[in-house]
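Enquirer: The structure that follows is given in the form of structure tokens.
The values are calculated or read from the model by the stated rules, or taken from the named source; none is laboratory data. As the structure is a computational prediction, the values presented were derived from the model and not from experiment. Don't worry about glycine lacking a Cβ; one is built from the backbone with ideal geometry, like all the others, and counts go over all protein chains shown.
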Amino acid sequence: MRTAVIRSTLAATGVLALVGGCTAQAVEGGSSAHPGASASAAPSASKSASATPRASGDDAKPSGSASASPAAPAKPGRTLWKSGDEGQQVRELQARLRQVAWLFDGPTGAYGASTVKAVEGFQGKRGLPRTGTTDTVTWQRLLKMTHEPTRDELYASGGQPAAKPDPRCMTGRVLCISKTSRTLSWMVDGKRLMTTDVRFGSQYTPTREGLFHVDFKSRNHVSTIYHTPMPYAMFFSGGQAVHYSSDFAARGYAGASHGCVNVKDERKIASLFDQVRTGDKVVVYW
């Protein structure tokens, strides 16, 4: 009788209540709930502890009782790209990593230290082995979270191959400037001797298109309108010139010129300035 009273008292105070626990599983959207699960749903006591794990989308979560064994760590797949690799596929990888804010440099097309670090972070966030190498498993996860990069995304920091030269660039000495590829090519008698990234004017101050000639050169020019430096300026249409831009070097395509053709590589523009002569052709085309 005394034993029954004790058991009744303990039950009333909650000492005999079943103690249990669970671990939230992180998902892509940042929620701790498993995809498709109701916030108020509780595990069914009628399910067997030997229930077979059921995959849900990208993540697999075993169904059944709380005593089920934890899932084995994900294994890396076949290596696709690694540190030291270069090419267009690496550029696409970098553009996709930029879309999910794991990479801020480039894309450059070269798998360097910043790409390794970005891949490691992406992998670790999703419970994948932090190898820094892009394998098939990592790549498939990234594909599901991103869209196919546009040309501007692939070349957000420049580096586009030069466009096919305009026919007017094929004779004589020409600064051949393509708005499509955002490149300037220095050409002599149809041969491309140098190519560099360029930036143009904004919608409200567009760079004029057409056939022009270098009117005059000014190595240490300062704009009389905007009072900003225009080093290595080669004027071809009124106040519009090809010149070095420290703003382009610092901000890339996040900015624009007031109509001039900006060059961000100071070494190249300095060399170009020494080669170009007054009277040489300038062709700006799409």
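Enquirer: Quick one: Tyr253 ticks every box in (1) at pLDDT 95 or above; (2) under 24 Å from Pro161 (Cβ atoms); (3) surrounded by 13 or more Cβ atoms within 10 Å (Cβ to Cβ) except a single one, so which number is it?
Expert: Here Tyr253 clears every test but (1).
Enquirer: Please pick out the residue among Leu97, Leu143 that is among the hydrophobic types (A, V, I, L, M, F, W, C), at pLDDT 95 or above and buried (at least 16 other Cβ atoms within 10 Å of the Cβ).
Expert: That would be Leu97, the only listed residue that is among the hydrophobic types (A, V, I, L, M, F, W, C), at pLDDT 95 or above and buried (at least 16 other Cβ atoms within 10 Å of the Cβ).
Enquirer: Arg168 is checked against (1) in a loop (DSSP other than H, G, I, E, B); (2) in contact (Cβ under 8 Å) with a residue 24 or more places away in the chain; (3) not β-branched (Val, Ile, Thr) and fails just one. What number does that condition carry?
Expert: (1)
Enquirer: Go through the residues of segment 206-219 one by one and say whether even a single one is modelled with pLDDT of 95 or more and under 19 Å from Gly159 (Cβ atoms).
Expert: no
Enquirer: Given the structure, is Asp215 under 23 Å from Asp274 (Cα atoms), more than 32 Å from the chain's Cα centre (by Cα), without any contact (Cβ under 8 Å) to a residue 60 or more places away in the chain and in the same structural domain as Val276 (by TED's automatic domain parsing)?
Expert: no
Enquirer: Among the numbered conditions (1) without any contact (Cβ under 8 Å) to a residue 40 or more places away in the chain; (2) among the hydrophobic types (A, V, I, L, M, F, W, C); (3) not assigned by TED's automatic domain parsing to the domain that holds His258, tell me where Leu142 comes up short.
Expert: Result: Leu142 passes all but (1).
Enquirer: What residue, among those in segment 218-250 that are of a type outside the set (D, E, K, R) and under 23 Å from the mean Cα position of the chain (by Cα), is surrounded by the fewest Cβ atoms within 10 Å (Cβ to Cβ)?
Expert: Here the residue is Ala250.
Enquirer: Shifting gears a bit: When segment 149-165 is examined, which residues are found to be without any contact (Cβ under 8 Å) to a residue 12 or more places away in the chain and either part of a loop (DSSP other than H, G, I, E, B) or in contact with a Phe, Trp or Tyr (Cβ under 7 Å, 6 or more places away or on another chain) (or both)?
Expert: Across segment 149-165, the qualifying residues are Thr150, Lys164.
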